[in-house]
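Below is one structure, written out as structure tokens; the observations come after it.
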Amino acid sequence: EASTGGNDALFELFGAAITDPSILGQVCKHLLAQLLGPDLLVHWSDVIAIRPTQVLARLISCAIPGIGPALRDPAMWRSALGEEREFVGWWSALLARFHLRREGDTIPPEALEELVLYAMCVLRDRYAGQDFLRAQRMVQSGAPRLRDLYGSFEHLALAPSKGRCMLRCRSLLAKEDRLCSQLRKDKLAAWPAQLRSELELLRHVEHPALPRIRESFEDFNNIYLISELWDGISLPAFLKERYETEQSITEVWVSHAFRQVLDVLQYLHGLQPRCLAHGALGMASVLVRRLVGSDSAPVVAIVDLGLAAILPSPPPPRAKPRPGDGEIFSGALRWSCSEAADLRRDVLDCGALLLLVLVGRRPLDGDSADLAAS
């Protein structure tokens, strides 16, 4: 168990590297000297063996002028931090998000720099005190507020994931209806800076079957994602409508629809340098658009991309949370990385949806499920 003094020292080290580009540059230079292969690429087999806190903290110490020789000694860090077993799952999952998943996977040097910066931000917040984390969670004075720019909020009849609410709203400037996804911060297993990094990535997602996220807002307790609101009907409502009117759907229709869903997943999983996952793909995720010719050749979209698959942070350094921890995170950071939604989860969810549409039952269900009720 790390001491309070040790936590403070690690917090200051990682914070210094994040705020000083020259320190970050030297750390990456030293890492590349150790990890860059003869093909000028970084290999999974070399990176997976790293003990992230030890290696990064020591390299930061080496890059800061005036640091004593003791902090530059690898033996000192091994003694202070031990085997770092609690980081194994998180480090492996983080590498996977940067396309390092198995033997033979490689990334270019610039992707390693992005990976290191992301890891340092997470590690800084892991060793931060409550005052810093609470300040990180606060919204800066003068920042745009949701209700200053949007109004006419109306709850939608969608099946929200845990900690998520879907609302129709209207832009007071553009005079357009949009979709607002309200996400509770205490249900997300990540530190504030990590959440904002994920939001920035989401704002740059562009795919014809994904409503574009226009902007995001936050307050102390919630994050709000504002995206385009497309005309259409959810997949459960579409199937119910077909059932009630005694109209069938063909295998060709299903094939067209699910090819589009898989195309979205392929796009998200292939983003560089860090990929995204959906993490909660379900029946209500799929919107069947009301377009000419859609009866025979459907046009579908995924309408609930958000933070369900954000990579959980590594566990806090203390076995017992400090006073106030539960007030901010409600235990979310005790989730293990093995519970995190990953790319395989997306593929399995898509397969489960396909089975449900084709035969009316979910995988491993004992009895047939009624599609109309689904």
Fill in: Residue match in region 177-197 (condition: more than 24 Å from R290 (Cα to Cα), surrounded by 15 or more Cβ atoms within 10 Å (Cβ to Cβ) and without any contact (Cβ under 8 Å) to a residue 24 or more places away in the chain)
yes
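Going by the structure shown, is L201 more than 14 Å from D304 (Cα to Cα), of a type in the set (A, V, I, L, M, F, W, C), open to solvent by 60 Å² or more (accessible area, probe 1.4 Å) and modelled with pLDDT of 90 or more? Steps first, please.
Working: more than 14 Å from D304 (Cα to Cα): yes; of a type in the set (A, V, I, L, M, F, W, C): yes; open to solvent by 60 Å² or more (accessible area, probe 1.4 Å): no; modelled with pLDDT of 90 or more: yes.
Considered against the rule, which asks whether it is more than 14 Å from D304 (Cα to Cα), of a type in the set (A, V, I, L, M, F, W, C), open to solvent by 60 Å² or more (accessible area, probe 1.4 Å) and modelled with pLDDT of 90 or more, L201 comes out as no.
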Worksheet item: Does L115 fit the bill of being in a helix (DSSP H, G or I) and more than 18 Å from S61 (Cβ to Cβ)?
Response: yes
Discussion item. Just checking, does region 113-127 include any residue being in contact with a Lys or Arg (Cβ under 8 Å, 6 or more places away or on another chain), surrounded by fewer than 21 Cβ atoms within 10 Å (Cβ to Cβ) and of a type in the set (A, V, I, L, M)?
Written reply: no
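Just one of R78, R147, R134, R102 is assigned to a loop (DSSP other than H, G, I, E, B), open to solvent by 20 Å² or more (accessible area, probe 1.4 Å) and out of contact with any Leu (no Cβ under 8 Å at 6 or more places or on another chain); which is it? Explain how you work it out, then say what you get.
Working: R78 fails: assigned to a loop (DSSP other than H, G, I, E, B); R147 fails: assigned to a loop (DSSP other than H, G, I, E, B); R134 fails: assigned to a loop (DSSP other than H, G, I, E, B).
That would be R102, the only listed residue that is assigned to a loop (DSSP other than H, G, I, E, B), open to solvent by 20 Å² or more (accessible area, probe 1.4 Å) and out of contact with any Leu (no Cβ under 8 Å at 6 or more places or on another chain).
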Worksheet item: Looking at (1) part of a helix (DSSP H, G or I); (2) free of Cβ contacts under 8 Å to residues at least 12 places away in the same chain, can you tell me which one G6 breaks?
Response: (2)
Worksheet item: Can you name the residue in region 12-53 that is part of a loop (DSSP other than H, G, I, E, B), under 27 Å from the mean Cα position of the chain (by Cα) and charged (D, E, K, R) and, of all such residues, is surrounded by the most Cβ atoms within 10 Å (Cβ to Cβ)?
Response: R51
Worksheet item: Can you tell me how many residues in region 150-176 are at pLDDT below 90, open to solvent by less than 50 Å² (accessible area, probe 1.4 Å) and over 20 Å from the mean Cα position of the chain (by Cα)?
Response: 1
Worksheet item: If you take the residues in region 81-99 that are over 21 Å from A17 (Cα atoms) and in a helix (DSSP H, G or I), which one is most open to solvent (accessible area, probe 1.4 Å)?
Response: R85
Item to complete: Look through region 235-248, keep the residues that are open to solvent by less than 80 Å² (accessible area, probe 1.4 Å) and without any contact (Cβ under 8 Å) to a residue 60 or more places away in the chain, and return whichever of them is farthest from I302 (Cα to Cα).
Response: T245
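The values are calculated or read from the model by the stated rules, or taken from the named source; none is laboratory data. Nothing here was measured: the structure is a model prediction, and the numbers come from that model. Please note: Cβ atoms are built from the backbone with ideal geometry, for glycine as well, and neighbour counts cover all protein chains shown. Accessible surface is based on the protein model in full, side chains and every heavy atom, while ligands, DNA and RNA are left aside. Shrake-Rupley method; radii C 1.70, N 1.55, O 1.52, S 1.80 Å.
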